[in-house]
Amino acid sequence: MKNSVYGLILRLVSYGINTGLIEKEDIIYTQNRLLSLFHMDEPDDSCTCLTADNEDTLEEILSGLLDYAYEKGIIPENTVTYRDLFDVKLMASLVKRPSEVIREFWQNYSCSPKLATDSYYKFSCDTDYIRRYRIKKDLKWKTSTEYGDIDITVNLSKPEKDPKAIAAAKLQKQSGYPKCLLCKENEGYAGRVNHPARDNHRIIPLTIDGDNWFMQYSPYVYYNEHCIVFNGEHTPMVINDSTFRKLFDFISQFPHYIIGSNADLPIVGGSILTHEHFQGGRYSFALNRAEVERKFIVNGFDDVECGIVKWPMSVVRLTGKNKDSIISLSSHILKSWRAYTDADVGIFAETDGEIHNTITPIAFTKDGKFVIDLVLRNNITSEEHPLGVFHPHANLHHIKKENIGLIEVMGLAVLPSRLKDEMAILKDAILNHKDVSEIPKISKHSEWVNEFVSQYDEINENNIDSIIQNEIGKVFLNVLLDAGVFKRTPEGQKAFDHIIGALKDFRLSHGGQRIGAGRKNAGTKAVLVRLTDEQHETLKKLGGSSWIQNAMNAQKDVSGKSIVIDFDFGGWQAMTSEEVDNLEKDWGETAWNESGPYVCTSPKDAIALIADQIECETQSNLPNIDKIDRLNDLLKEFVKLI
């Protein structure tokens, strides 16, 4: 009998053969591994023939085996948590060792990156790491907007914790292994009630920007080939210069994929900020398809096409064939945005020492060019909006309350599973003219329903589903509009143009180095070569442009040493190249890039840097007078060196 326990075991072995997970030489070995999981000493004679089972029948096979396991006391509770822990053990009997999976991936990659990812994705599905039968249950549709067709999904594939598992987890000894759901130590891990089993999980090692990284697919696949690329070390999320290099390194290796990073701050970041990772895949998001509505040019980057994207959030798009130029300009924009404040539109770079500005970057290739979308983010809160000023506002929480991460930024709503039942109840209430506010499970939707129902001449059985879906899509559009730092209003777009106008005047060399700096990645900042009217008047008194030219021609290195200026401009010292290298090592790369000293090779370089800082402070809405005084003192010192 094919549905006896041994019949089901044989069907699972057949599934392994038919999907290519195992070969005919593995049949007896696999059968014996499965028998041991059911505490069986030998097979019975009820079934001896292989079957034609495939992905369409896998859920049925596993369900039968799990029912038997519960009946025999092999699993303690007949709940999703315990069933998932055990069925992963069953599937692990069919899965190759990591070394074999890795070898096959890179053999396929030698033919083409697409073949490698196609095969690896199929493998991840066939092993049931990606549970296709659950993914199929997700609700998905598109909603047309002025920004293009956005994707709406109601996630039903991620199981919710059952009460018994939650209770058991509280009693279980707390473990720090693996440190999080992304750590490489999850590969082959048996799991526990408070950590999913990963016996059937295999990851692919990559080298990204010289470091050890890994790639896997998301078990919940919110879109086609939804992959996760993660640092081999358990290190926090960060958006800095190296982020852009890593993103472009990945798409250089996998040009058919898109890749992006969640922001590195709470509220505007993803659900896991403790482990650096990116998300990507083979999918065209609405943001990728959106057009540039206003173009601009940044001096020194003639080979980069720059523009503001027509999108509900605030997005700068950079396009070109020279990825190094795009990386350099991306770094400059990030540094500028980190320090940007515009109180008129509620944007503050920091309050009480807490940084608010960051970026959600997305990189991909299009028409033979490299592209990066830089989505400007800010996580400030207020009394009116305690969860975030640039976060879904309270009137939208009945649909979406969670953080707006990378996937939502690109135009794909991942909505909670509760909406499936709520949509069905809403449908019945609207069709039968019930008072939504009197139905506890959907009363939170009453104001929204009353508002949109009046806009339709007729609502009936034939159009009710599409109406509810369309209205949910409109809510998600408003979620994105709330998350935009520069609003889609004339005032908001004027403010957006203001920061873009400031960017145009900056000039960087193409290697990521500041002009004259002579050092790469040494924590130097962008140089703004602009002067205020007052500074122009001062220069005129000194002799105008001829004074500048003479000063620049006359300057010399300070005893052949670099000028190292404190990050807060409190002082400076001359250092040899070796001393600078040692200092950089002492700081560490991350700290050096984020808040390390400014390294200049000459007084000319230092004067240009300080002029930039003075100009930025004097134009700030909240100028730091003490800092301006320090800058002026330094300026006098370096002028004397000429």
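The values are calculated or read from the model by the stated rules, or taken from the named source; none is laboratory data. Note that the structure is predicted; figures quoted are calculated from it, not measured. As a convention, Cβ positions derive from the backbone with ideal geometry for all residues, glycine included, and neighbour counts pool all protein chains shown. Note: areas computed on protein heavy atoms with side chains; ligands, DNA, RNA excluded. Shrake-Rupley method; radii C 1.70, N 1.55, O 1.52, S 1.80 Å.
Classify the stretch 205-298 as rounded, prolate or oblate, taking a ≥ b ≥ c as the square roots of the eigenvalues of its Cα gyration tensor: rounded when a/c is under 1.5, otherwise prolate if a/b is larger than b/c and oblate if not.
Here the stretch 205-298 falls in the rounded category.
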Problem - Prolate/oblate/rounded label for the stretch 255-294 (Cα gyration tensor, a/c 1.5) - result: oblate
Exercise for the section: May I ask which of 369/604; 184/246; 114/504 have a Cα-Cα span longer than 29 Å here? Expected result: 369/604; 114/504
Handout entry: Per-residue HN-Hα couplings for the stretch 627-641 [Karplus 6.51, -1.76, 1.60; θ = phi - 60°; Hz; x = Gly/Pro]
Key = 5, 4, 4, 4, 5, 5, 4, 5, 4, 4, 4, 6, 5, 5, 6
Exercise for the section: Return the long-range amide H neighbours of residue 601 (sequence gap of 5 or more, or a different chain), with a cut-off of under 5 Å between placed amide H atoms. Expected result: 563
Completion exercise
Relative contact order in percent for the chain (Cα pairs under 8 Å, 6+ apart) equals 10
Practice task
Calculate what fraction, in whole %, of the accessible area of the stretch 290-400 sits on carbon and sulfur atoms when a 1.4 Å probe is rolled over the protein chains.
Solution key: 49
Completion exercise
So, over other residues within a Cβ distance under 15 Å of residue 344, counting Lys, Arg +1 and Asp, Glu -1, the net charge is -1
Exercise for the section: Would you tally the net charge around residue 188, using a Cβ to Cβ cut-off of less than 12 Å, leaving residue 188 out, and scoring K and R as +1, D and E as -1? Expected result: +3
Problem - the stretch 12-71 shape via C-alpha gyration tensor axes, a/c threshold 1.5 - result: oblate
Exercise for the section: Note down the nm distance, to one decimal, between modelled labels 7 Å out along Cα→Cβ at residue 324 and at residue 387. Expected result: 4.6
Exercise for the section: Compute the length gained on full extension between residue 97 and residue 142: take 0.36 nm times their separation in residues and subtract their Cα-Cα distance, giving the result in nm to one decimal. Expected result: 12.2 nm
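Determine the share of the stretch 1-114's accessible area contributed by carbon and sulfur atoms, expressed in whole percent, with a 1.4 angstrom probe.
After summing per-atom areas, the C and S share lands at 50 percent.
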Problem - R0 of 51 Å, Cβ-Cβ distance residue 294-residue 122: FRET efficiency to nearest 0.05 - result: 0.75
Practice task
Any chance you could give the angle, 0 to 90 degrees and rounded to 10, that helix 577-587 forms with the longest Cα principal axis of the chain?
Solution key: 40
Exercise for the section: Kindly provide the helix-only [θ] at 222 nm of the chain, computed as the sum of -39,500 (n - 2.57) over DSSP H runs of four or more divided by all residues, to the nearest 500 deg cm²/dmol? Expected result: -12500 deg cm²/dmol
Exercise for the section: Amide H neighbours of residue 155 under 5 Å, at least 5 residues apart or on other chains, H built in the peptide plane: list them. Expected result: 415, 417
Exercise for the section: Go ahead and run the numbers for FRET between residue 567 and residue 397, Cβ-Cβ distance against an R0 of 41 Å, rounding to 0.05. Expected result: 0.55
Practice task
Any chance you could give the angle, 0 to 90 degrees and rounded to 10, that helix 80-92 forms with the longest Cα principal axis of the chain?
Solution key: 90
Fill in the blank from the handout: At 20 °C in a medium of viscosity 1.002 mPa s, the stretch 395-437 has a Stokes-Einstein diffusion coefficient, with Rh taken as the Kirkwood radius over alpha carbon pairs, in µm² per second, of 177
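What does the extension gain come out to for residue 629 and residue 185, with contour length at 0.36 nm per residue minus their alpha carbon separation?
Here the segment from residue 629 to residue 185 would lengthen by 154.6 nm.
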Exercise for the section: Would you please give the residues with an amide H less than 5 Å from that of residue 347, counting only those at least 5 places away or on a separate chain, with H modeled from the backbone geometry? Expected result: 342
Handout entry: Rounded accessible area per residue of the chain, 1.4 Å, Å²
Key = 46
Fill in the blank from the handout: If R0 = 25 Å, then residue 354 and residue 589, at their Cβ-Cβ distance, give a FRET efficiency to the nearest 0.05 of 0.60
Handout entry: Cα-based helix-to-principal-axis angle, 323-338 vs the chain, degrees rounded to 10
Key = 80
Handout entry: Neighbourhood net charge (13 Å Cβ-Cβ; Lys/Arg +1, Asp/Glu -1) for residue 435
Key = -2
Exercise for the section: Measure off 7 Å from each Cα along the Cα-to-Cβ vector at residue 41 and residue 158, then give the distance between these two points in nanometres to one decimal. Expected result: 4.7
Fill in the blank from the handout: Projected onto the charge dipole of the chain (unit charges on the beta-carbon of Lys, Arg, Asp and Glu, signs +1, +1, -1, -1), the Cα from 28, 407, 144 with the largest positive-side position is that of 28
Problem - Cα lying deepest toward the dipole's positive end in the chain, options 98, 416, 76, charges on Cβ - result: 98
Handout entry: Rounded to whole Hz, the Karplus (6.51, -1.76, 1.60) HN-Hα couplings of the stretch 136-141, x for glycine and proline
Key = 4, 7, 4, 8, 9, 7
